[in-house]
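Chemist: The following block contains the structure, expressed as structure tokens.
The values are calculated or read from the model by the stated rules, or taken from the named source; none is laboratory data. All figures in this text were calculated on a predicted structure; none of them were measured in a lab. We place every Cβ from the backbone using ideal geometry, glycine too, and count neighbours over all the protein chains shown.
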Amino acid sequence: MARSDVQLMLDVKAGDEQSFALLLHRYRSPLINFLYRMVRNREQAEDLAQEVFIRVYRAREDYVPSAKFTTWLFRIATNLALNSVRDNRYQRMEISLDAPVTTDAEDGDEKTMDVAEKHPNIEQHLIEEARRKMIRQAIEKLPEKQRAAVLLHKYQELDYGEISKILECSESALKSLLFRAYETLRVELAPLVAQQGK
Amino acid sequence: MTGLKTGHYNPGAAGKAAEEAGSEGKEDMSCGRMEKKIMGYVDGRLKEGERLEMEKHLSTCAVCQLRVNEFRAVDVLLDEVPMIEPSAAFDVRVWARVAAEPAKQSWWAWFAPSPRVAFAASMLVLAMMWLGSRPPEPSLNASEVETINQNMQVLENYDVISDFAPLSELPQPAQGDDIDDANQNQSTNPNQQM
């Protein structure tokens, strides 16, 4: 029977590094994906995920299982991501408008070099890629806190209680955040939503 | 798709739609109250009583029903965003950082940040102990103080006397004479050795 997150963390506290390896294996992918969708840069997302795990490791001596492990883990991740997004925003403001336009990192990460080889139907592939890009951009346009709420709710499937603790708001405020986020997404993705309804 | 045209959720529009649907004017308030429950209804997290209340409302409110459908469509679209895989070097980098973490030190280790400092501190303590263990300076009695006062004039003029030229011109006593004088003193004072 698999040990719970809390039990693994208590074992890490007792000096068992193998338990830390299990936690790393269990949460590296969800964390990296969450952070990637928050900061929109793969390298930065991995750096932040490393920082999350290191902070967990450093805090092992003082760990007390007072809340769910995922709440603690994603609270660290969310705070790091929000700080990073704010820092990036200030950096972008300093970049000259004359700077050459480059393709965004995510396109580079997910595109394959030889599209025709893997996708015999290139037209279909391009349509799918355009859809995904539109969805990604709609998520990216959300204010940071709404984005974090949607990502934690939709992709991490955390319950309202956990998410409200992570975002340090009431459950009622969280429900309003999610409602406003879905309202924005509904408008941004209107053409796709219409297709979906047919 | 009236919902898409309005862009934002509008209880007024919902009330209008409800009126069109032949419902009472109470729908306005009801739509506003439903706002926070729509997400829970879409993702199936509402309690049984809340779910029934929502379904009762949806059966009479076309705007909220449309919104629920559109939120469900958004939810499906969000599933299309692909996941990424951690890079091959991710674990290696995490473990490298774990290995670089300083080992937890004991409480006593705080007092010994380095061997040199520890050595210097212990030498200082020993020096203080040695100084503390020395006997106090002997105090002078009245006659000794009087003697020092008498000699004070000579001591004050020591610089003048030591450089006084006529004294240096005096003949130096021969070494043999000194020995003879000493023997003579010994022979004349035999009791001094007793």
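Chemist: Based on what the data block shows, is A:A45 in contact with a Leu (Cβ under 6 Å, 6 or more places away or on another chain), on the phi < 0 side of the Ramachandran plot and within 12 Å of chain B (Cβ to nearest Cβ)?
Modeler: Values: in contact with a Leu (Cβ under 6 Å, 6 or more places away or on another chain): yes; on the phi < 0 side of the Ramachandran plot: yes; within 12 Å of chain B (Cβ to nearest Cβ): yes.
So A:A45 passes the test.
Chemist: If you don't mind, another one. Being more than 14 Å from chain A (Cβ to nearest Cβ) and modelled with pLDDT of 90 or more is the filter; apply it to the range B:23-52 and report the residue that is surrounded by the most Cβ atoms within 10 Å (Cβ to Cβ).
Modeler: Residues of the range B:23-52 more than 14 Å from chain A (Cβ to nearest Cβ): B:23-30, B:48-49, B:51-52.
Checking the rest, the ones that are also modelled with pLDDT of 90 or more come to B:48-49, B:51-52.
Working: B:E48: 7, B:G49: 8, B:R51: 15, B:L52: 11.
Looking at residues that are more than 14 Å from chain A (Cβ to nearest Cβ) and modelled with pLDDT of 90 or more, I get B:R51.
Chemist: B:P86 fails exactly one of the following numbered conditions: (1) within 11 Å of chain A (Cβ to nearest Cβ); (2) closer than 19 Å to A:L178 by Cβ; (3) buried (at least 18 other Cβ atoms within 10 Å of the Cβ). What is the number of that condition?
Modeler: Of everything listed in (1) within 11 Å of chain A (Cβ to nearest Cβ); (2) closer than 19 Å to A:L178 by Cβ; (3) buried (at least 18 other Cβ atoms within 10 Å of the Cβ), B:P86 misses just condition (2).
Chemist: Being more than 7 Å from chain B (Cβ to nearest Cβ) and not in a loop (DSSP other than H, G, I, E, B) is the filter here; which residues of the range A:162-182 pass it?
Modeler: Keep residues of the range A:162-182 that are more than 7 Å from chain B (Cβ to nearest Cβ), which gives A:162-171, A:173-174, A:177, A:180-181.
If the condition is that a residue be more than 7 Å from chain B (Cβ to nearest Cβ) and not in a loop (DSSP other than H, G, I, E, B), then A:E162, A:I163, A:S164, A:K165, A:I166, A:E171, A:A173, A:L174, A:L177, A:R180, A:A181 are the ones that fit.
Chemist: Okay, moving on. Please go through the range A:151-161 and give me each residue that is in a helix (DSSP H, G or I) and surrounded by fewer than 21 Cβ atoms within 10 Å (Cβ to Cβ), ordered by number. Even if it seems obvious, please write down each step before you answer.
Modeler: The first filter runs over the range A:151-161 and keeps only residues in a helix (DSSP H, G or I), leaving A:151-154, A:160-161.
The answer is A:K154, A:Y160, A:G161.
Chemist: Turning to a different aspect of this structure: Any idea which of (1) under 20 Å from A:L158 (Cα atoms); (2) within 13 Å of chain B (Cβ to nearest Cβ) is the one A:L8 doesn't satisfy?
Modeler: (2)
Chemist: Just to be sure before I move on: is A:Q91 at pLDDT below 90, more than 12 Å from the chain's Cα centre (by Cα) and part of a helix (DSSP H, G or I) in the structure I sent? Break it down stepwise before answering.
Modeler: Values: at pLDDT below 90: yes; more than 12 Å from the chain's Cα centre (by Cα): yes; part of a helix (DSSP H, G or I): yes.
Considered against the rule, which asks whether it is at pLDDT below 90, more than 12 Å from the chain's Cα centre (by Cα) and part of a helix (DSSP H, G or I), A:Q91 comes out as yes.
Chemist: For residues that are out of contact with any helix residue (DSSP H, G or I) (no Cβ under 7 Å at 6 or more places or on another chain) and touching a residue at least 24 places away in the same chain (Cβ under 8 Å), scanning just the range A:7-52, find the one that is surrounded by the most Cβ atoms within 10 Å (Cβ to Cβ). Give the steps one after another, and end with the answer.
Modeler: Residues of the range A:7-52 out of contact with any helix residue (DSSP H, G or I) (no Cβ under 7 Å at 6 or more places or on another chain): A:7, A:10, A:14-18, A:21, A:25-26, A:29-30, A:33, A:43, A:47.
Those left that are additionally touching a residue at least 24 places away in the same chain (Cβ under 8 Å): A:10, A:30, A:33, A:43.
Details: A:L10: 17, A:P30: 18, A:N33: 21, A:E43: 12.
So the residue we want is A:N33.
Chemist: Something else now. Anything in the range B:55-78 that is within 15 Å of B:K37 (Cβ to Cβ) and either in contact with a helix residue (DSSP H, G or I) (Cβ under 6 Å, 6 or more places away or on another chain) or within 14 Å of chain A (Cβ to nearest Cβ) (or both)? List them, or say none.
Modeler: If the condition is that a residue be within 15 Å of B:K37 (Cβ to Cβ) and either in contact with a helix residue (DSSP H, G or I) (Cβ under 6 Å, 6 or more places away or on another chain) or within 14 Å of chain A (Cβ to nearest Cβ) (or both), then B:H57, B:L58, B:C61, B:V63, B:C64, B:Q65, B:R67, B:V68, B:F71, B:R72 are the ones that fit.
Chemist: If you don't mind, another one. With the structure loaded, tell me whether A:L185 is assigned to a helix (DSSP H, G or I), facing chain B (nearest Cβ under 9 Å) and not small (G, A, S) or whether it fails that test.
Modeler: Details: assigned to a helix (DSSP H, G or I): yes; facing chain B (nearest Cβ under 9 Å): yes; not small (G, A, S): yes.
The answer is yes for A:L185.
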